[in-house]
1. If you take the residues of segment 203-231 that are of a type in the set (V, I, T) and under 21 Å from A181 (Cα atoms), which of them is surrounded by the most Cβ atoms within 10 Å (Cβ to Cβ)?
2. For T147, state whether it is within 13 Å of the ligand (Cβ to nearest atom), polar (S, T, N, Q) and modelled with pLDDT of 95 or more.
3. Looking at segment 74-97, is at least one residue under 29 Å from A138 (Cα atoms), away from the ligand (no atom under 16 Å from the Cβ), without any contact (Cβ under 8 Å) to a residue 12 or more places away in the chain and surrounded by fewer than 22 Cβ atoms within 10 Å (Cβ to Cβ)?
4. Would you point out which residue out of A327, A315, A347, A343 is away from the ligand (no atom under 16 Å from the Cβ), touching a Gly at 6+ places or on another chain (Cβ under 6 Å) and either in contact (Cβ under 8 Å) with a residue 12 or more places away in the chain or assigned to a strand (DSSP E or B) (or both)?
5. Go through segment 187-213 residue by residue and tally those that are touching a Lys or Arg at 6+ places or on another chain (Cβ under 8 Å), free of Cβ contacts under 8 Å to residues at least 40 places away in the same chain and part of a loop (DSSP other than H, G, I, E, B).
6. What residue, of D186, D197, D153, is more than 30 Å from G288 (Cβ to Cβ), surrounded by 21 or more Cβ atoms within 10 Å (Cβ to Cβ) and of a type outside the set (A, V, I, L, M)?
7. Would you mention how many residues in segment 359-388 are under 17 Å from L308 (Cα atoms), buried (at least 19 other Cβ atoms within 10 Å of the Cβ) and of a type in the set (A, V, I, L, M)?
8. Take the residues of segment 232-252 that are among the aromatic types (F, W, Y) and within 10 Å of the ligand (Cβ to nearest atom): which is surrounded by the fewest Cβ atoms within 10 Å (Cβ to Cβ)?
Amino acid sequence: MNIPLKGKSEEAVMELLGSMKGSDSSWEDGRMFGHAFFAGETARRLVERAYTLYLWENALDPTLFQSLLRLENEVVDMARTHLGGDWQAVGSFTSGGTESIMLAVKAARDMAREKRPKVSAPEMVVPLTAHAAFHKAAHYLGLKVKTADVDPDTYKTRPDAIREAITENTVLLVASAPSYAHGVVDPVPEIGAIAQDQGIPLHVDACMGGFLLPFWRRLGARVTEFDFSVPGVTSISMDFHKYAFAAKGASVVLYRNKNLRRHQIFACSGWTGYTVINPTIQSSRSGGPLAATWAMLNFLGEEGYLRLSGELMQATAKVVKGVNEIAGLKVLGEPEFCILGVAAEGADVFEVVDEMKSRGWHVQAQFGRGHCPANFHLTILPPNLGVIDEMLSDLAHSVEAAREKEPDQAMEKLLAALSSNDIDLASIDMDELIKAAGIEGDELPERMAGINRIMNSLPPEMADALFTLFFNEVNRAREV
Ligand SMILES: *Cc1c(COP(=O)(O)O)cnc(C)c1O
(Lines give C-alpha, C1' and ligand atoms only; values in the text may rest on other atoms or scores of the structure.)
Protein backbone atom coordinates (compact mmCIF):
# COMPACT_ATOMS: atom_id res chain seq x y z
CA MET A 1 0.00 0.00 0.00
CA ASN A 2 1.22 3.51 -0.77
CA ILE A 3 0.59 6.70 1.15
CA PRO A 4 -2.43 8.20 -0.63
CA LEU A 5 -1.44 10.83 -3.18
CA LYS A 6 -4.20 13.23 -2.19
CA GLY A 7 -5.27 13.90 1.36
CA LYS A 8 -8.86 13.30 2.44
CA SER A 9 -11.11 15.54 4.50
CA GLU A 10 -11.15 15.26 8.26
CA GLU A 11 -14.69 13.84 8.10
CA ALA A 12 -13.76 11.30 5.43
CA VAL A 13 -10.77 10.10 7.44
CA MET A 14 -12.80 9.73 10.62
CA GLU A 15 -15.52 7.91 8.74
CA LEU A 16 -13.00 5.42 7.38
CA LEU A 17 -11.52 4.88 10.82
CA GLY A 18 -14.96 4.46 12.31
CA SER A 19 -15.94 1.83 9.81
CA MET A 20 -12.72 -0.11 10.40
CA LYS A 21 -13.32 0.00 14.13
CA GLY A 22 -16.81 -1.34 13.53
CA SER A 23 -15.39 -4.82 12.90
CA ASP A 24 -13.71 -4.99 16.35
CA SER A 25 -15.14 -7.06 19.17
CA SER A 26 -17.24 -4.88 21.42
CA TRP A 27 -16.56 -4.64 25.14
CA GLU A 28 -19.02 -1.97 26.26
CA ASP A 29 -21.85 -4.51 26.42
CA GLY A 30 -19.95 -6.50 29.06
CA ARG A 31 -19.51 -9.59 26.89
CA MET A 32 -15.72 -9.33 26.92
CA PHE A 33 -13.97 -10.58 30.06
CA GLY A 34 -10.71 -8.64 29.97
CA HIS A 35 -8.80 -6.12 27.85
CA ALA A 36 -10.85 -2.96 28.42
CA PHE A 37 -10.57 -1.71 31.99
CA PHE A 38 -13.50 0.62 32.11
CA ALA A 39 -15.10 2.22 35.14
CA GLY A 40 -18.18 3.81 33.57
CA GLU A 41 -19.23 6.73 31.39
CA THR A 42 -18.28 9.62 33.71
CA ALA A 43 -14.85 8.12 34.27
CA ARG A 44 -14.49 7.72 30.53
CA ARG A 45 -15.24 11.37 29.87
CA LEU A 46 -12.75 12.47 32.50
CA VAL A 47 -9.98 10.16 31.28
CA GLU A 48 -10.47 11.36 27.72
CA ARG A 49 -10.39 15.02 28.73
CA ALA A 50 -7.30 14.64 30.92
CA TYR A 51 -5.54 12.55 28.29
CA THR A 52 -6.14 14.96 25.45
CA LEU A 53 -5.17 17.95 27.62
CA TYR A 54 -1.66 16.46 27.76
CA LEU A 55 -1.60 14.61 24.45
CA TRP A 56 1.11 16.79 22.91
CA GLU A 57 3.27 17.52 25.94
CA ASN A 58 6.48 15.51 26.09
CA ALA A 59 7.58 13.97 29.37
CA LEU A 60 11.03 13.57 27.80
CA ASP A 61 12.06 16.92 29.24
CA PRO A 62 10.36 17.71 32.55
CA THR A 63 12.27 21.00 32.81
CA LEU A 64 10.04 22.31 29.99
CA PHE A 65 6.83 20.69 31.21
CA GLN A 66 7.16 21.03 34.94
CA SER A 67 3.58 20.11 35.61
CA LEU A 68 4.36 16.63 34.26
CA LEU A 69 7.11 16.25 36.85
CA ARG A 70 4.65 17.25 39.53
CA LEU A 71 1.97 14.88 38.20
CA GLU A 72 4.47 12.02 38.14
CA ASN A 73 5.70 12.74 41.65
CA GLU A 74 2.14 12.83 42.98
CA VAL A 75 1.06 9.64 41.19
CA VAL A 76 4.18 7.74 42.28
CA ASP A 77 3.75 8.99 45.82
CA MET A 78 0.12 7.85 45.98
CA ALA A 79 1.29 4.43 44.77
CA ARG A 80 4.08 4.38 47.36
CA THR A 81 1.84 5.08 50.35
CA HIS A 82 -0.85 2.76 48.97
CA LEU A 83 1.65 -0.13 48.94
CA GLY A 84 3.23 0.42 52.33
CA GLY A 85 6.41 2.19 51.19
CA ASP A 86 8.02 4.56 53.70
CA TRP A 87 9.53 7.93 52.71
CA GLN A 88 12.62 6.22 51.33
CA ALA A 89 10.66 4.32 48.68
CA VAL A 90 10.96 5.69 45.15
CA GLY A 91 9.50 4.87 41.75
CA SER A 92 8.89 5.75 38.12
CA PHE A 93 5.78 6.07 36.02
CA THR A 94 6.03 3.71 33.01
CA SER A 95 4.05 2.72 29.93
CA GLY A 96 2.80 -0.60 31.28
CA GLY A 97 3.45 -3.72 33.29
CA THR A 98 5.99 -5.05 30.82
CA GLU A 99 8.08 -1.90 31.05
CA SER A 100 7.85 -1.81 34.85
CA ILE A 101 9.00 -5.43 35.02
CA MET A 102 11.82 -4.94 32.51
CA LEU A 103 13.13 -2.02 34.54
CA ALA A 104 12.99 -3.95 37.82
CA VAL A 105 14.86 -6.84 36.20
CA LYS A 106 17.45 -4.47 34.72
CA ALA A 107 17.96 -2.76 38.07
CA ALA A 108 18.50 -6.11 39.80
CA ARG A 109 20.86 -7.32 37.08
CA ASP A 110 22.96 -4.17 37.15
CA MET A 111 23.09 -3.98 40.92
CA ALA A 112 24.43 -7.55 40.94
CA ARG A 113 26.99 -6.55 38.28
CA GLU A 114 28.30 -3.91 40.64
CA LYS A 115 27.97 -5.65 43.98
CA ARG A 116 28.47 -9.32 43.09
CA PRO A 117 31.23 -9.56 40.47
CA LYS A 118 31.28 -13.37 40.88
CA VAL A 119 27.92 -13.66 39.12
CA SER A 120 28.95 -14.97 35.71
CA ALA A 121 25.57 -15.46 34.04
CA PRO A 122 22.68 -13.78 35.87
CA GLU A 123 19.54 -15.81 36.60
CA MET A 124 16.17 -15.07 38.13
CA VAL A 125 13.79 -17.43 39.89
CA VAL A 126 10.24 -17.01 38.71
CA PRO A 127 7.08 -18.94 39.63
CA LEU A 128 5.63 -20.99 36.77
CA THR A 129 2.56 -18.77 37.10
CA ALA A 130 4.46 -15.46 36.82
CA HIS A 131 3.61 -13.26 33.86
CA ALA A 132 5.38 -13.84 30.52
CA ALA A 133 6.85 -10.33 30.87
CA PHE A 134 9.58 -11.85 33.08
CA HIS A 135 10.54 -14.24 30.30
CA LYS A 136 10.49 -11.32 27.90
CA ALA A 137 12.72 -9.27 30.20
CA ALA A 138 15.13 -12.21 30.45
CA HIS A 139 15.09 -12.54 26.66
CA TYR A 140 15.85 -8.86 26.14
CA LEU A 141 18.31 -8.42 28.99
CA GLY A 142 20.26 -11.66 28.72
CA LEU A 143 19.21 -13.43 31.92
CA LYS A 144 18.32 -17.05 32.44
CA VAL A 145 14.90 -17.89 33.91
CA LYS A 146 14.55 -20.70 36.44
CA THR A 147 10.89 -21.55 36.99
CA ALA A 148 9.56 -22.75 40.32
CA ASP A 149 6.50 -25.00 40.23
CA VAL A 150 3.27 -24.32 42.09
CA ASP A 151 1.19 -26.19 44.62
CA PRO A 152 -1.24 -28.37 42.59
CA ASP A 153 -4.23 -27.39 44.77
CA THR A 154 -3.73 -23.68 45.41
CA TYR A 155 -1.72 -22.70 42.28
CA LYS A 156 0.50 -20.62 44.54
CA THR A 157 4.22 -21.09 44.10
CA ARG A 158 5.94 -23.23 46.75
CA PRO A 159 8.59 -21.35 48.76
CA ASP A 160 10.64 -24.58 48.75
CA ALA A 161 10.60 -24.65 44.97
CA ILE A 162 11.87 -21.06 44.94
CA ARG A 163 14.64 -21.87 47.41
CA GLU A 164 15.71 -24.97 45.46
CA ALA A 165 16.02 -23.00 42.22
CA ILE A 166 18.44 -20.43 43.69
CA THR A 167 22.08 -20.68 42.58
CA GLU A 168 25.09 -18.41 43.06
CA ASN A 169 24.01 -16.66 39.85
CA THR A 170 20.54 -15.72 41.09
CA VAL A 171 20.09 -11.94 41.02
CA LEU A 172 16.30 -11.70 41.52
CA LEU A 173 13.35 -13.62 42.98
CA VAL A 174 9.79 -13.02 41.80
CA ALA A 175 6.31 -13.45 43.28
CA SER A 176 2.89 -12.43 41.94
CA ALA A 177 0.12 -10.58 43.78
CA PRO A 178 -2.05 -11.88 42.27
CA SER A 179 -1.02 -14.19 39.44
CA TYR A 180 -2.70 -13.39 36.15
CA ALA A 181 -3.88 -16.92 35.34
CA HIS A 182 -5.47 -17.93 38.65
CA GLY A 183 -5.88 -14.74 40.66
CA VAL A 184 -4.02 -16.08 43.69
CA VAL A 185 -1.32 -14.31 45.70
CA ASP A 186 1.97 -16.17 46.13
CA PRO A 187 3.22 -16.66 49.71
CA VAL A 188 5.13 -13.38 49.62
CA PRO A 189 6.06 -13.34 53.36
CA GLU A 190 7.77 -16.75 53.08
CA ILE A 191 9.50 -15.83 49.83
CA GLY A 192 10.55 -12.51 51.38
CA ALA A 193 12.20 -14.42 54.23
CA ILE A 194 14.15 -16.51 51.70
CA ALA A 195 15.16 -13.34 49.85
CA GLN A 196 16.47 -11.74 53.04
CA ASP A 197 18.20 -14.91 54.13
CA GLN A 198 20.00 -15.20 50.77
CA GLY A 199 20.56 -11.49 50.23
CA ILE A 200 18.71 -11.47 46.89
CA PRO A 201 16.19 -8.80 45.82
CA LEU A 202 12.52 -9.82 45.56
CA HIS A 203 10.20 -8.27 42.99
CA VAL A 204 6.45 -8.52 43.57
CA ASP A 205 4.40 -8.31 40.40
CA ALA A 206 1.21 -6.56 41.46
CA CYS A 207 0.46 -5.36 37.92
CA MET A 208 -3.00 -6.82 37.63
CA GLY A 209 -4.65 -6.62 41.01
CA GLY A 210 -2.16 -4.96 43.31
CA PHE A 211 -3.91 -1.63 43.10
CA LEU A 212 -7.29 -2.94 44.30
CA LEU A 213 -6.09 -5.65 46.74
CA PRO A 214 -5.59 -3.21 49.66
CA PHE A 215 -9.22 -2.13 49.17
CA TRP A 216 -10.40 -5.74 49.11
CA ARG A 217 -8.59 -6.28 52.39
CA ARG A 218 -10.33 -3.25 53.90
CA LEU A 219 -13.64 -4.77 52.84
CA GLY A 220 -12.84 -7.90 54.83
CA ALA A 221 -11.33 -10.17 52.17
CA ARG A 222 -8.44 -12.37 53.23
CA VAL A 223 -5.52 -11.12 51.18
CA THR A 224 -1.99 -12.46 51.62
CA GLU A 225 0.47 -9.70 52.59
CA PHE A 226 2.43 -8.67 49.51
CA ASP A 227 3.60 -5.05 49.69
CA PHE A 228 6.56 -3.18 51.23
CA SER A 229 5.28 -4.06 54.69
CA VAL A 230 6.71 -7.53 53.98
CA PRO A 231 10.44 -7.69 54.82
CA GLY A 232 12.50 -8.73 51.81
CA VAL A 233 10.28 -7.16 49.14
CA THR A 234 12.57 -4.77 47.25
CA SER A 235 10.49 -3.73 44.22
CA ILE A 236 6.84 -3.81 43.07
CA SER A 237 5.18 -3.29 39.69
CA MET A 238 1.58 -2.07 39.58
CA ASP A 239 -0.48 -1.08 36.55
CA PHE A 240 -2.82 1.90 36.58
CA HIS A 241 -4.23 0.89 33.21
CA LYS A 242 -5.73 -2.22 34.71
CA TYR A 243 -7.75 -2.03 37.93
CA ALA A 244 -7.02 1.66 38.58
CA PHE A 245 -9.08 2.18 35.37
CA ALA A 246 -6.75 4.76 33.80
CA ALA A 247 -6.08 4.89 30.06
CA LYS A 248 -3.54 2.48 28.58
CA GLY A 249 0.14 3.33 28.84
CA ALA A 250 0.11 3.66 32.64
CA SER A 251 2.01 1.69 35.25
CA VAL A 252 4.49 2.25 38.06
CA VAL A 253 7.62 0.48 39.27
CA LEU A 254 8.47 1.12 42.91
CA TYR A 255 11.64 0.38 44.88
CA ARG A 256 12.08 0.12 48.61
CA ASN A 257 14.88 2.68 48.33
CA LYS A 258 16.94 4.62 45.84
CA ASN A 259 19.99 2.32 46.06
CA LEU A 260 18.27 -0.22 43.83
CA ARG A 261 16.46 2.30 41.62
CA ARG A 262 19.76 3.94 40.67
CA HIS A 263 20.51 0.92 38.49
CA GLN A 264 17.36 1.53 36.47
CA ILE A 265 18.45 4.92 35.17
CA PHE A 266 20.26 5.45 31.87
CA ALA A 267 22.18 8.63 31.06
CA CYS A 268 24.04 9.52 27.88
CA SER A 269 25.79 12.78 27.08
CA GLY A 270 28.40 11.22 24.81
CA TRP A 271 26.64 11.91 21.54
CA THR A 272 26.08 15.07 19.57
CA GLY A 273 22.49 15.85 20.51
CA TYR A 274 20.64 16.74 23.71
CA THR A 275 21.63 15.02 26.95
CA VAL A 276 19.58 11.90 27.49
CA ILE A 277 18.67 11.00 31.06
CA ASN A 278 16.05 8.28 30.92
CA PRO A 279 14.73 6.57 34.01
CA THR A 280 12.44 4.46 31.80
CA ILE A 281 12.68 2.62 28.48
CA GLN A 282 10.65 5.19 26.60
CA SER A 283 12.35 8.46 25.90
CA SER A 284 9.84 10.80 24.21
CA ARG A 285 6.54 10.04 25.84
CA SER A 286 3.12 11.62 25.86
CA GLY A 287 1.88 13.27 29.02
CA GLY A 288 -1.57 11.77 28.29
CA PRO A 289 -1.39 8.50 30.26
CA LEU A 290 0.10 10.24 33.27
CA ALA A 291 -2.53 12.97 33.30
CA ALA A 292 -5.31 10.39 32.86
CA THR A 293 -3.96 8.37 35.78
CA TRP A 294 -3.70 11.41 38.03
CA ALA A 295 -7.24 12.36 37.02
CA MET A 296 -8.67 8.91 37.84
CA LEU A 297 -6.97 8.70 41.23
CA ASN A 298 -8.37 12.12 42.11
CA PHE A 299 -11.78 11.44 40.61
CA LEU A 300 -12.53 8.08 42.21
CA GLY A 301 -10.51 8.50 45.40
CA GLU A 302 -10.41 5.75 47.99
CA GLU A 303 -14.19 5.85 48.28
CA GLY A 304 -14.70 5.24 44.60
CA TYR A 305 -12.22 2.39 44.48
CA LEU A 306 -13.77 0.84 47.60
CA ARG A 307 -17.20 0.97 45.98
CA LEU A 308 -15.96 -0.68 42.78
CA SER A 309 -14.02 -3.26 44.81
CA GLY A 310 -17.17 -4.21 46.70
CA GLU A 311 -19.11 -4.67 43.47
CA LEU A 312 -16.35 -6.74 41.88
CA MET A 313 -15.97 -8.87 45.01
CA GLN A 314 -19.65 -9.71 45.00
CA ALA A 315 -19.67 -10.47 41.29
CA THR A 316 -16.64 -12.74 41.68
CA ALA A 317 -18.29 -14.75 44.44
CA LYS A 318 -21.31 -15.15 42.19
CA VAL A 319 -19.21 -16.24 39.20
CA VAL A 320 -17.17 -18.73 41.25
CA LYS A 321 -20.34 -20.27 42.69
CA GLY A 322 -22.14 -20.29 39.35
CA VAL A 323 -19.22 -21.82 37.44
CA ASN A 324 -18.70 -24.56 40.03
CA GLU A 325 -22.40 -25.43 39.78
CA ILE A 326 -22.06 -26.18 36.06
CA ALA A 327 -21.35 -29.90 35.66
CA GLY A 328 -17.89 -30.39 34.16
CA LEU A 329 -16.49 -26.96 35.11
CA LYS A 330 -14.27 -26.05 38.03
CA VAL A 331 -12.66 -22.80 39.16
CA LEU A 332 -8.94 -23.44 39.74
CA GLY A 333 -7.74 -22.76 43.29
CA GLU A 334 -9.37 -20.07 45.43
CA PRO A 335 -9.10 -16.75 43.59
CA GLU A 336 -8.30 -13.83 45.90
CA PHE A 337 -9.23 -11.32 43.23
CA CYS A 338 -11.71 -10.89 40.36
CA ILE A 339 -9.59 -12.87 37.89
CA LEU A 340 -9.76 -16.63 37.62
CA GLY A 341 -9.15 -19.75 35.56
CA VAL A 342 -11.81 -22.38 34.81
CA ALA A 343 -10.94 -25.96 33.83
CA ALA A 344 -13.31 -28.37 32.09
CA GLU A 345 -13.80 -32.09 32.50
CA GLY A 346 -15.55 -34.23 29.90
CA ALA A 347 -15.42 -31.42 27.34
CA ASP A 348 -12.49 -29.80 25.57
CA VAL A 349 -11.95 -26.47 27.32
CA PHE A 350 -10.83 -24.81 24.07
CA GLU A 351 -14.11 -25.86 22.44
CA VAL A 352 -15.93 -24.22 25.36
CA VAL A 353 -14.06 -20.98 24.56
CA ASP A 354 -15.15 -21.23 20.89
CA GLU A 355 -18.73 -22.02 21.86
CA MET A 356 -18.77 -18.96 24.09
CA LYS A 357 -17.42 -16.92 21.19
CA SER A 358 -20.18 -18.14 18.90
CA ARG A 359 -22.62 -16.88 21.56
CA GLY A 360 -20.92 -13.47 21.56
CA TRP A 361 -18.72 -13.84 24.69
CA HIS A 362 -14.98 -13.33 24.83
CA VAL A 363 -13.10 -15.46 27.33
CA GLN A 364 -9.42 -16.31 27.06
CA ALA A 365 -7.82 -19.73 26.50
CA GLN A 366 -4.90 -20.57 28.83
CA PHE A 367 -2.56 -23.48 28.17
CA GLY A 368 -1.80 -26.25 30.65
CA ARG A 369 1.72 -26.02 32.05
CA GLY A 370 3.33 -28.00 34.88
CA HIS A 371 0.70 -28.63 37.54
CA CYS A 372 -1.71 -26.14 35.96
CA PRO A 373 -4.29 -27.70 33.62
CA ALA A 374 -5.53 -26.01 30.44
CA ASN A 375 -8.38 -23.64 31.26
CA PHE A 376 -10.07 -20.45 30.28
CA HIS A 377 -9.63 -17.11 31.95
CA LEU A 378 -12.13 -14.54 33.16
CA THR A 379 -11.11 -11.01 34.06
CA ILE A 380 -14.21 -9.57 35.71
CA LEU A 381 -14.70 -5.86 35.09
CA PRO A 382 -17.39 -3.27 35.80
CA PRO A 383 -19.06 -3.66 32.34
CA ASN A 384 -19.55 -7.40 33.08
CA LEU A 385 -21.50 -6.81 36.29
CA GLY A 386 -24.90 -6.58 34.67
CA VAL A 387 -24.61 -9.70 32.53
CA ILE A 388 -23.24 -12.35 34.92
CA ASP A 389 -26.44 -14.44 34.97
CA GLU A 390 -26.67 -14.42 31.19
CA MET A 391 -23.00 -15.38 30.91
CA LEU A 392 -23.39 -18.30 33.32
CA SER A 393 -26.39 -19.58 31.43
CA ASP A 394 -24.58 -19.40 28.08
CA LEU A 395 -21.57 -21.03 29.69
CA ALA A 396 -23.67 -24.05 30.69
CA HIS A 397 -24.94 -24.32 27.10
CA SER A 398 -21.41 -23.93 25.75
CA VAL A 399 -20.18 -26.86 27.85
CA GLU A 400 -23.06 -28.99 26.52
CA ALA A 401 -22.22 -28.03 22.94
CA ALA A 402 -18.49 -28.62 23.46
CA ARG A 403 -19.20 -32.15 24.68
CA GLU A 404 -20.88 -32.95 21.37
CA LYS A 405 -18.10 -31.50 19.27
CA GLU A 406 -16.17 -33.86 16.98
CA PRO A 407 -12.46 -33.05 16.67
CA ASP A 408 -11.51 -31.39 13.39
CA GLN A 409 -9.77 -34.09 11.31
CA ALA A 410 -7.32 -31.78 9.51
CA MET A 411 -6.14 -30.30 12.79
CA GLU A 412 -5.81 -33.71 14.43
CA LYS A 413 -3.58 -34.86 11.55
CA LEU A 414 -1.47 -31.74 11.90
CA LEU A 415 -1.20 -32.33 15.63
CA ALA A 416 -0.04 -35.89 15.09
CA ALA A 417 2.56 -34.74 12.55
CA LEU A 418 3.89 -31.99 14.82
CA SER A 419 3.98 -34.26 17.84
CA SER A 420 6.06 -36.90 16.08
CA ASN A 421 9.54 -36.63 17.56
CA ASP A 422 12.28 -34.35 16.31
CA ILE A 423 10.37 -32.50 13.70
CA ASP A 424 12.56 -29.94 11.98
CA LEU A 425 10.94 -26.52 12.18
CA ALA A 426 12.81 -25.39 9.07
CA SER A 427 11.06 -28.12 7.08
CA ILE A 428 7.57 -26.85 7.93
CA ASP A 429 5.76 -25.21 5.05
CA MET A 430 4.37 -22.17 6.84
CA ASP A 431 1.98 -21.31 4.00
CA GLU A 432 0.44 -24.74 4.32
CA LEU A 433 0.25 -24.49 8.07
CA ILE A 434 -1.43 -21.11 7.89
CA LYS A 435 -3.97 -22.49 5.44
CA ALA A 436 -4.61 -25.52 7.63
CA ALA A 437 -5.20 -23.18 10.55
CA GLY A 438 -7.89 -21.44 8.51
CA ILE A 439 -6.16 -18.07 8.29
CA GLU A 440 -6.64 -15.95 5.20
CA GLY A 441 -5.14 -12.50 4.68
CA ASP A 442 -5.71 -10.59 7.91
CA GLU A 443 -8.84 -12.63 8.69
CA LEU A 444 -8.37 -14.93 11.66
CA PRO A 445 -10.40 -18.14 11.90
CA GLU A 446 -13.68 -18.17 13.84
CA ARG A 447 -12.73 -21.27 15.79
CA MET A 448 -9.38 -21.51 17.52
CA ALA A 449 -9.81 -24.79 19.44
CA GLY A 450 -7.78 -26.84 16.96
CA ILE A 451 -4.84 -24.43 17.03
CA ASN A 452 -5.07 -24.12 20.80
CA ARG A 453 -5.07 -27.90 21.22
CA ILE A 454 -1.94 -28.19 19.12
CA MET A 455 -0.08 -25.40 20.87
CA ASN A 456 -1.17 -26.68 24.27
CA SER A 457 0.24 -30.14 23.63
CA LEU A 458 3.59 -29.06 22.16
CA PRO A 459 6.55 -28.32 24.43
CA PRO A 460 6.52 -24.54 25.11
CA GLU A 461 9.81 -23.93 23.25
CA MET A 462 8.40 -25.60 20.16
CA ALA A 463 5.10 -23.73 20.41
CA ASP A 464 7.03 -20.45 20.81
CA ALA A 465 9.20 -21.21 17.77
CA LEU A 466 6.06 -21.92 15.74
CA PHE A 467 4.26 -18.80 16.96
CA THR A 468 7.33 -16.75 16.05
CA LEU A 469 7.56 -18.19 12.53
CA PHE A 470 3.86 -17.81 12.20
CA PHE A 471 3.76 -14.12 13.13
CA ASN A 472 6.69 -13.44 10.91
CA GLU A 473 4.62 -14.90 8.06
CA VAL A 474 1.21 -13.43 8.76
CA ASN A 475 2.38 -9.96 9.59
CA ARG A 476 3.79 -8.95 6.22
CA ALA A 477 2.79 -7.80 2.76
CA ARG A 478 2.14 -10.50 0.17
CA GLU A 479 3.91 -10.69 -3.16
CA VAL A 480 1.68 -9.53 -6.01
C1 LIG B 1 -0.87 -7.34 32.50
C2 LIG B 1 0.17 -7.92 33.37
C3 LIG B 1 1.52 -7.70 33.12
C4 LIG B 1 2.02 -6.99 31.86
O5 LIG B 1 1.52 -5.74 31.76
P6 LIG B 1 1.28 -4.95 30.39
O7 LIG B 1 0.70 -3.70 30.89
O8 LIG B 1 0.36 -5.76 29.53
O9 LIG B 1 2.61 -4.76 29.76
C10 LIG B 1 2.42 -8.21 34.03
N11 LIG B 1 2.02 -8.92 35.09
C12 LIG B 1 0.73 -9.18 35.35
C13 LIG B 1 0.35 -9.99 36.55
C14 LIG B 1 -0.23 -8.70 34.49
O15 LIG B 1 -1.52 -8.97 34.71
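1. Step one: filter segment 203-231 for residues of a type in the set (V, I, T), giving 204, 223-224, 230.
Now drop any that are not under 21 Å from A181 (Cα atoms), which leaves 204, 223-224.
Values: V204: 30, V223: 20, T224: 19.
The selected residue is V204.
2. Values: within 13 Å of the ligand (Cβ to nearest atom): no; polar (S, T, N, Q): yes; modelled with pLDDT of 95 or more: yes.
No: the conditions fail for T147.
3. Within segment 74-97 (the criterion being under 29 Å from A138 (Cα atoms), away from the ligand (no atom under 16 Å from the Cβ), without any contact (Cβ under 8 Å) to a residue 12 or more places away in the chain and surrounded by fewer than 22 Cβ atoms within 10 Å (Cβ to Cβ)), the answer is yes, since at least one residue qualifies.
4. Values: A327 fails: touching a Gly at 6+ places or on another chain (Cβ under 6 Å); A315 fails: touching a Gly at 6+ places or on another chain (Cβ under 6 Å); A343 fails: touching a Gly at 6+ places or on another chain (Cβ under 6 Å).
From the options A327, A315, A347, A343, the qualifying one is A347.
5. 1
6. Working: D197 fails: surrounded by 21 or more Cβ atoms within 10 Å (Cβ to Cβ); D153 fails: surrounded by 21 or more Cβ atoms within 10 Å (Cβ to Cβ).
Selected residue: D186, the only one of D186, D197, D153 that is more than 30 Å from G288 (Cβ to Cβ), surrounded by 21 or more Cβ atoms within 10 Å (Cβ to Cβ) and of a type outside the set (A, V, I, L, M).
7. Number satisfying all stated conditions: 2.
8. Here is the first cut: in segment 232-252, the residues among the aromatic types (F, W, Y) are 240, 243, 245.
Within this subset, residues satisfying the condition of being within 10 Å of the ligand (Cβ to nearest atom) are 240, 243.
Values: F240: 30, Y243: 28.
Taking the candidates together, the pick is Y243.
The values are calculated or read from the model by the stated rules, or taken from the named source; none is laboratory data. Just so it is clear, the structure is predicted and the values come from calculations on it, not from any experiment. Methodologically, a virtual Cβ is constructed for each residue, glycine included, from the backbone with ideal geometry; neighbour enumeration extends over all protein chains shown.
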